[in-house]
Amino acid sequence: MDVTFRIRRQNPDVPGQERPYWQEFSLADVDPTDRVLEMLHRIKWEQDGSLSLRRSCAHGVCGSDAMRINGVNRLACKILVRDVGEKIQVEPILGLPVVKDLIVDMEPFFDHYKQVMPFFVNNDPLPEDGRERLQTQEDREKFDDTTKCILCACCTTSCPSFWANGHYVGPAAIVGAHRFIFDTRDQAGQERLDILSEPNGVWRCRTIFNCTPACPRDIEVTKAIGEVKLAIRKGTNVGIIQTSAIH
Amino acid sequence: MQIHKHDAIIIGAGGAGLMAALYASKGGADVAVVSKLYPTRSHTGTAQGGIGAALGNLDEDKPIYHTYDTVKGGDYLTDQHAAKILAENAVEAVIELEHMGLPFDRTSEKRISQRRFGGHTRNFGEELVRRACHAADRTGHMILQTLYQQCIKNDVNFFDEFQVVDMIVVDGAVAGVVAIELGTGEFHIFQGKASFFASGGWGRCWSVTSNAHSLTGDGAAIALRRGVPLQDMEFFQFHPTGIYRMGILITEGVRGEGGVLINSVGERFMERYAPSAKDLASRDVVSRAIYLETRAGRSIKNRGYMHLDVRPQTVNRYFAEEGRDRADFIDDSTVERKLPDILDFCRTYLGVDPVKEPMPVQPTAHYAMGGIPTNIDAEVVIDAAGTVMPGAYAAGETACVSVHGANRLGTNSLVDLVVFGRRGGMKMAEYVKGADWAALPNDAGAEIEAEFERIRKGDGKSRPGALRQLMQATMMDNVGVFRTEETLQQGISDLAELRERFYTDLQIDDKSRVFNTDLMEAWEFGCLLDLAEVTARTALERKESRGAHSREDFKKRDDENWLAHSLITQRGEMSDPSYEAHFDKKVDLSLWEAEIEEGLPEEQQKFKPIERVY
């Protein structure tokens, strides 16, 4: 099949391209099961080497190639041509400054992540037998969903609350905090809840729900945010929601 | 050029680099991690099935069994003392990862859960053992995330999206590295008392690969160009189960959970090639079997792929045949719970649901056993005698200790990077205490900057993407699973032609400074080209078959002449280099020698190089 790409481009380093503009590319012999990333590569490798994007693993695990494809945040390597049709519009994710073409400045995103203490804290002495700390598989499963996060920013940059206020930590950072708040081995849950109850924490979330369908790892992001909100209200880390009642 | 001065410069932010960063920091060193990717994008994150360690949480297990499996898996090219260190340190390293918060799956005893993996056995090959510690089928993701999180906790300095393109050697010691800040295109010098290469592999030399686009072997190529020999480059592993045509990895854990490989006549063909371990024989054995079945006309639809079947009815049928306990039988929910990412990949890319249909798989270029030679403390060594290059360290896939010998066992890549990243980090912290920064030469960085200007000006007709695809195709055809003198000569001559085009006819569309991926891909192609060349040349010279190196014109392993590591050097102009390969670096056989010394009769010796049977 033939496919037409319409790509949002910008290069601050080239006179005349400092402001964003659209450029069209046509590709022939496209297989419906080709990944959008492969098609962007074909454009780059066969037609215009200056087309710039991030990518690495090409199968949805490294989180490099988040972009807005036909108006929806996707990983270009995890969406197939047949899923988006023969007219494909690609633009950078929203809410972060564009560096060049499809590449945005990820620093604000990672800064937010670092704010929520996204690391394991347990100051007790290590087990005397020199072995692992114990945890039941049931307790392990409570935070399984949020361990899947690859920090691609699809959720945060789909969130209207984040677009409106870039100081909001955003869904990805809350997911990062959730992974530790509900880990029975961790001891800094209350500190994270305190951070997230600040004005730019979870209460900026208006449950708009864009984040959940945006997640390429199928994390129930809105539910995780709801669980953190519940934990703040209850002042505990036992807020795991068993049903989808918050939706 | 801006100069950054730190005790230790770590190149690459995957598992090995982050482990080294953590332990060097804990040892008091001021560390800078310089990486072309954001750390969480590193390829460690794609490792699936598990990390091997003889914890014995589910089956009786000992590090010496793990050592034996590693030596045998490496077709006896493995350095035995290094393998022993690997297996012994694996236990404490995995426990430390758990203490850092890594969310392993758990047993009913609340301990780290373990699964079977290819080539991992109990009691010197007696039966398969559950040794791979896992977090679903995203163990590498959890390792990478956990280490990055701990680095944040410990305030490690990161220079993200700074790509290292050269190293500075002063009087035979490493004085630092040169990097390009991708966002601006500016060159920076990172001056360190020590530099640690943890920059990953070069699977992108081949067209069907499980490797990320960014795995272009930058660190190994830089070392090679600066006079460091590379070791055992002829050994590159093809993993038997990549998704057909795409190469995306399907973990060996699928077979660990009971999945089987089936040919076009519905036969579980591995029973013929490896009567005991069957589908869980080592990877080189299974990949060759797939090629041989294909040649015999038994690939699915005659297209060179096989079916990997993990449907519960299939798995349980074979479990019943083998007399396995009914408690081991699986159902749909077992597959969903233990292999969620695999199901996701197959559903997304193939429209195949592995619970209901078999997966189409073919061998995929996966892992470099060879690389920058190091000793067991990750110090770079530059000759057969083990002379250390002061200030130079390497670990992970880019290094060659050698614990993987001629063929790496599944899970041992993760073991390698945590064990030797950790050891190297500790060693480096000690080293920098007693070392000083070497004075930089006046023209530091000038040479590589000029090389980039040459590339940027390219106004010929050969795009880097096109050249790379041609290289990948010839490597796949001529330097793949099976090799002969003729195919290897063909490969070398194709590479020479591509080199000529790279240096005389390159076309670069993007002349700008900011995030110039056209430029960087061209330079990375040059790295791949050098590594492809030394792979083909050492493969041509090694006239035997061993592990992943399979010569159809020399089918047998030949310990008398070839039980030795190769070292290859590159000299001269990059546009027309000359190569020299030597096969005189001894394999460490110390465990076998100790058995002889103990007076063990030959039939009781476990580490004697014998023919490998699975």
request  = Quickly run through the stretch B:459-484 and pick out the residues that are more than 10 Å from chain A (Cβ to nearest Cβ) and assigned to a loop (DSSP other than H, G, I, E, B).
outcome  = B:G460, B:K461, B:V479, B:G480, B:V481, B:T484
inquiry  = Quick check on the stretch A:72-82. Is at least one of its residues within 7 Å of chain B (Cβ to nearest Cβ), touching a residue at least 40 places away in the same chain (Cβ under 8 Å) and either crowded, with 22+ Cβ neighbours inside 10 Å or assigned to a loop (DSSP other than H, G, I, E, B) (or both)?
reply    = yes
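Tell me which residues, restricted to the stretch B:3-46, are hydroxyl-bearing (S, T, Y) and part of a loop (DSSP other than H, G, I, E, B).
Here is the first cut: in the stretch B:3-46, the ones hydroxyl-bearing (S, T, Y) are B:23, B:25, B:35, B:38, B:40, B:42, B:44, B:46.
Across the stretch B:3-46, the qualifying residues are B:Y38, B:S42.
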ask   = Which is among the charged types (D, E, K, R), within 14 Å of chain A (Cβ to nearest Cβ) and surrounded by 20 or more Cβ atoms within 10 Å (Cβ to Cβ), of B:D530, B:D494, B:D510?
value = B:D510
note = With the first residue restricted to the stretch B:211-238 and required to be under 24 Å from B:E447 (Cα atoms), and the second required to be of a type in the set (D, E) and part of a loop (DSSP other than H, G, I, E, B), Cβ contacts under 8 Å at 6 or more apart or on different chains are B:P229/B:D383
message = Can you tell me which of (1) over 18 Å from B:V514 (Cβ atoms); (2) within 12 Å of chain B (Cβ to nearest Cβ); (3) in contact (Cβ under 8 Å) with a residue 40 or more places away in the chain is the one A:P12 doesn't meet?
response = (1)
request  = With the condition kept exactly as written, say whether any residue in the stretch A:129-142 is modelled with pLDDT of 95 or more and either touching a Ser or Thr at 6+ places or on another chain (Cβ under 7 Å) or in the same structural domain as A:A76 (by TED's automatic domain parsing) (or both).
outcome  = yes
ask   = Is at least one residue of the stretch B:259-267 of a type outside the set (S, T, Y), crowded, with 21+ Cβ neighbours inside 10 Å and within 20 Å of B:N407 (Cα to Cα)?
value = no
inquiry  = I need a count of the residues in the stretch A:139-160 that are buried (at least 17 other Cβ atoms within 10 Å of the Cβ) and either hydrophobic (A, V, I, L, M, F, W, C) or more than 22 Å from B:S113 (Cα to Cα) (or both).
reply    = 12
ask   = Conditions: (1) touching a strand residue (DSSP E or B) at 6+ places or on another chain (Cβ under 9 Å); (2) more than 25 Å from B:P340 (Cβ to Cβ). A:V36 meets all but one. Number of the miss?
value = (2)
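Scan the stretch A:164-211 for residues that are in contact with a Lys or Arg (Cβ under 7 Å, 6 or more places away or on another chain) and touching a residue at least 60 places away in the same chain (Cβ under 8 Å) and jot them down. Before you say what the answer is, go through the steps one by one.
Going residue by residue through the stretch A:164-211, those that are in contact with a Lys or Arg (Cβ under 7 Å, 6 or more places away or on another chain) are A:165, A:168, A:177, A:180-182, A:185, A:202.
Of everything in the stretch A:164-211, those that are in contact with a Lys or Arg (Cβ under 7 Å, 6 or more places away or on another chain) and touching a residue at least 60 places away in the same chain (Cβ under 8 Å) turn out to be A:A177, A:F180, A:R185.
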task = For B:T314, indicate whether it is surrounded by fewer than 19 Cβ atoms within 10 Å (Cβ to Cβ), of a type in the set (S, T, Y) and at pLDDT 95 or above.
result = yes
ask   = Out of all the residues in the stretch B:577-604, which are in contact (Cβ under 8 Å) with a residue 40 or more places away in the chain and either part of a loop (DSSP other than H, G, I, E, B) or more than 20 Å from B:R542 (Cβ to Cβ) (or both)?
value = B:P577, B:V587, B:D588, B:L589, B:S590, B:L591, B:W592
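If you take the residues of the stretch A:28-44 that are assigned to a helix (DSSP H, G or I) and facing another protein chain (nearest Cβ under 8 Å), which of them is nearest to A:L75 (Cα to Cα)? Explain how you work it out, then say what you get.
Narrowing the stretch A:28-44 to residues assigned to a helix (DSSP H, G or I): A:36-44.
If we keep only those that are facing another protein chain (nearest Cβ under 8 Å) as well, we get A:41, A:44.
Details: A:H41: 14, A:K44: 17 Å.
The residue in question is A:H41.
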query = Applying the selection to the stretch A:1-21, what residues are surrounded by fewer than 14 Cβ atoms within 10 Å (Cβ to Cβ) and under 21 Å from A:D105 (Cβ atoms)?
reply = A:E18, A:R19, A:P20, A:Y21
note = Restricting attention to the stretch B:184-228, the residues that are over 21 Å from B:M475 (Cβ atoms) and not hydroxyl-bearing (S, T, Y) number exactly 16
ask   = When residues of the stretch A:45-59 are filtered for being facing chain B (nearest Cβ under 7 Å) and assigned to a loop (DSSP other than H, G, I, E, B), how many remain?
value = 9
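Any idea which of B:D383, B:D344, B:D377 is assigned to a loop (DSSP other than H, G, I, E, B), surrounded by fewer than 24 Cβ atoms within 10 Å (Cβ to Cβ) and either free of Cβ contacts under 8 Å to residues at least 12 places away in the same chain or touching a helix residue (DSSP H, G or I) at 6+ places or on another chain (Cβ under 8 Å) (or both)?
When all the criteria are applied, what remains is B:D377.
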Subset of the stretch B:207-233 (residues that are out of contact with any Gly (no Cβ under 7 Å at 6 or more places or on another chain) and part of a loop (DSSP other than H, G, I, E, B)) = B:S207, B:A212, B:H213, B:S214, B:T216, B:R226, B:G227, B:V228, B:P229
Criterion violated by B:Y23 - all others in (1) within 12 Å of another protein chain (Cβ to nearest Cβ); (2) in contact (Cβ under 8 Å) with a residue 40 or more places away in the chain satisfied = (1)
query = Which number in (1) touching an Asp or Glu at 6+ places or on another chain (Cβ under 9 Å); (2) in contact (Cβ under 8 Å) with a residue 60 or more places away in the chain; (3) acidic (D, E) marks the one condition that A:D101 misses?
reply = (1)
message = Just to be sure before I move on: is A:T136 of a type in the set (S, T, Y), surrounded by fewer than 16 Cβ atoms within 10 Å (Cβ to Cβ) and facing chain B (nearest Cβ under 9 Å) in the structure I sent?
response = yes
task = Identify the residue in the stretch B:87-133 that is more than 12 Å from chain A (Cβ to nearest Cβ) and part of a loop (DSSP other than H, G, I, E, B) and, among all such residues, is surrounded by the fewest Cβ atoms within 10 Å (Cβ to Cβ).
result = B:E126
remark   = Here the residues within the stretch B:47-86 that are in a loop (DSSP other than H, G, I, E, B), under 30 Å from A:D145 (Cβ atoms) and of a type in the set (A, V, I, L, M) are B:A47, B:A53, B:L55, B:L58
query = Name the pairs whose Cβ atoms lie under 6 Å apart, with the first residue in the stretch A:132-157 and over 16 Å from A:D218 (Cα atoms), the second in a helix (DSSP H, G or I), and 6 or more positions between them or separate chains?
reply = A:E132/B:I95; A:E132/B:E98
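The values are calculated or read from the model by the stated rules, or taken from the named source; none is laboratory data. Here the structure is a predicted model, which is why all the values come from computation and not from measurement. Positions of Cβ are generated from backbone atoms using ideal geometry, with glycine treated the same way; all protein chains shown enter the neighbour counts.
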